[in-house]
Amino acid sequence: MNTRVGQAGTTLGLAALYVLSAKLGLALDPVAGFATLVWAPSGISLAAVLLLGPRAAIGPQAIAARDRA
């Protein structure tokens, strides 16, 4: 049970970090007409998958899928 709770906390934490970094990246408008020069959420997702395994991608993928719909 504890591992599931820990996994859920990690997933929710990564999803929140993904959303916050996305909002920050979009708030920085360095060049007119472009969303951002560097998309930090991609790096955060990649680092999470490399460090924590494929299950870490669930939170960011769910947020990205929600935003695409």
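The values are calculated or read from the model by the stated rules, or taken from the named source; none is laboratory data. All values reported here derive from a predicted model rather than from experimental measurement. Heads up, the Cβs are rebuilt from the backbone with ideal geometry, glycines too, and the neighbour counts pull from every protein chain shown. The area values use the complete protein model at the heavy-atom level, side chains included, leaving out ligands, DNA and RNA. Shrake-Rupley method; radii C 1.70, N 1.55, O 1.52, S 1.80 Å.
Quick look at the numbers
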item: Residue list for region 3-24, restricted to those being over 12 Å from the mean Cα position of the chain (by Cα) and open to solvent by less than 90 Å² (accessible area, probe 1.4 Å); result: Val5, Gly6, Gln7, Ala8, Gly9
item: Cross-chain or 6+ apart pairs with Cβ under 6 Å, region 10-32 first and modelled with pLDDT under 85, then among the hydroxyl-bearing types (Ser, Thr, Tyr); result: Gly25/Thr36
